[in-house]
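Beneath this line is the structure, given in structure tokens, with notes to follow.
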Amino acid sequence: MPAELQPIADLFNRAVNGLIEQGTLVMVLAAVGAGLVGLSLLLWGRIVNRAVLVLIAFPMGMGIGSILAEKLGLSAWLWLTVFSSAAALTVLVIALARVVWALLAGLLLGTLVGFTVAWLMLGDLTPASQPGWNPTPMDLAQSAWAVGGLKIVAAMAGAGAGGLVLGLFLPRTTVIAVTSMLGATVLCGAVAALAGMAAPEAVARMQAYPLLTMGVFAGVLLLGIIHQSVSEVRARRAKAKSDDDDAPKDVRKPPKPSRA
């Protein structure tokens, strides 16, 4: 990890470890809260998308501000630097929302395609086919990279560029797709965390049936996209009808027919 990003990673790790130290109840509440956030993104992301950008940009701005304060020796002005950076980044992200969502679309699509290509390249290289081997996600990623790193990079670059272009030309569709994907990811992660706390063997079962797990995730994602798309179409029709009703009516009387 780059040294510049290490403070943010340390802050994230401290927050996670702090939650764990608080006990099971706090972990359950955090998972439920994350699940509600994911559900909101999944079903109403097209409405709350700007609030999502603020929730992402403001903490990132605080992290960047703390790094700048440390690098530039502005410890005495730490809070001012942190707040100024957070506010500036938030305003910039809101002003360039269309570009930001396009970048997120490219990033998510590239990551999804890269993960799929890596998974296909691994083939039968699974724990079930290798007795005694219990790889971590990082081990699997390194194995896939060793088999064909160039192909993975090419697939990710092509998919990322395609997602970026589509995001710039289809902004509303991009917002629906990206918020649905983010919502499905957060919601499924929260459900998996709750299932792991209630029944530790549930996570092992999910790992044993990756196709079924991916199918459930795809179903949740598709549900969000369909729901938001239908709501978007209905909202546009209602707006068009409202505009027609508010249009000034032609109150002029028709001319009387001339007498022969």
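The values are calculated or read from the model by the stated rules, or taken from the named source; none is laboratory data. Keep in mind that what you see is a predicted model, and the values were worked out from it rather than measured. Glycine gets a Cβ as well: all are built from the backbone with ideal geometry, and neighbour counts include every protein chain shown.
Out of the residues in segment 122-165 meeting the condition of being β-branched (Val, Ile, Thr) and at pLDDT 65 or above, tell me which one is farthest from Pro210 (Cα to Cα).
Looking at the filtered set, the residue picked out is Val165.
Scanning segment 95-116 for residues that are touching a residue at least 60 places away in the same chain (Cβ under 8 Å) and either more than 16 Å from Gly183 (Cα to Cα) or touching a Cys at 6+ places or on another chain (Cβ under 6 Å) (or both) yields Arg98, Val99, Ala102, Leu103, Gly106.
May I ask you to verify whether Arg46 is charged (D, E, K, R), out of contact with any Pro (no Cβ under 6 Å at 6 or more places or on another chain) and surrounded by 16 or more Cβ atoms within 10 Å (Cβ to Cβ)? Yes: the conditions hold for Arg46.
Yes/no matrix, rows are residues, columns are (1) at pLDDT below 85; (2) over 30 Å from Ala105 (Cβ atoms); (3) assigned to a helix (DSSP H, G or I):
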site	(1), (2), (3)
Arg50	no, no, yes
Val54	no, no, yes
Met60	yes, no, yes
Gly65	yes, no, yes
Ala69	yes, yes, yes
Leu78	yes, yes, yes
Thr81	yes, yes, yes
Ala87	no, no, yes
Val93	no, no, yes
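Residues that are more than 18 Å from the chain's Cα centre (by Cα), exposed (fewer than 15 other Cβ atoms within 10 Å of the Cβ) and farther than 18 Å from Gly215 by Cα within segment 86-121 comprise Ala88, Val91, Leu92, Ala95, listed in sequence order. Taking the numbered list (1) touching a residue at least 24 places away in the same chain (Cβ under 8 Å); (2) out of contact with any Ser or Thr (no Cβ under 8 Å at 6 or more places or on another chain) in turn, Ala192 passes all entries but (1). Looking across segment 195-227, the residues that are over 27 Å from Val175 (Cα atoms) and either of a type in the set (D, E, K, R) or within 20 Å of the chain's Cα centre (by Cα) (or both) come down to Glu201, Arg205. Scanning segment 157-169 finds one or more residues that are over 30 Å from Ala51 (Cβ atoms) and in a helix (DSSP H, G or I). Take Arg172 and tell me if it is assigned to a helix (DSSP H, G or I), within 24 Å of Met60 (Cβ to Cβ), at pLDDT 85 or above and basic (Lys, Arg). No. Quick one: is Gly224 at negative phi, crowded, with 16+ Cβ neighbours inside 10 Å, at pLDDT 90 or above and part of a helix (DSSP H, G or I)? Spelling it out, Gly224 is indeed at negative phi, crowded, with 16+ Cβ neighbours inside 10 Å, at pLDDT 90 or above and part of a helix (DSSP H, G or I).
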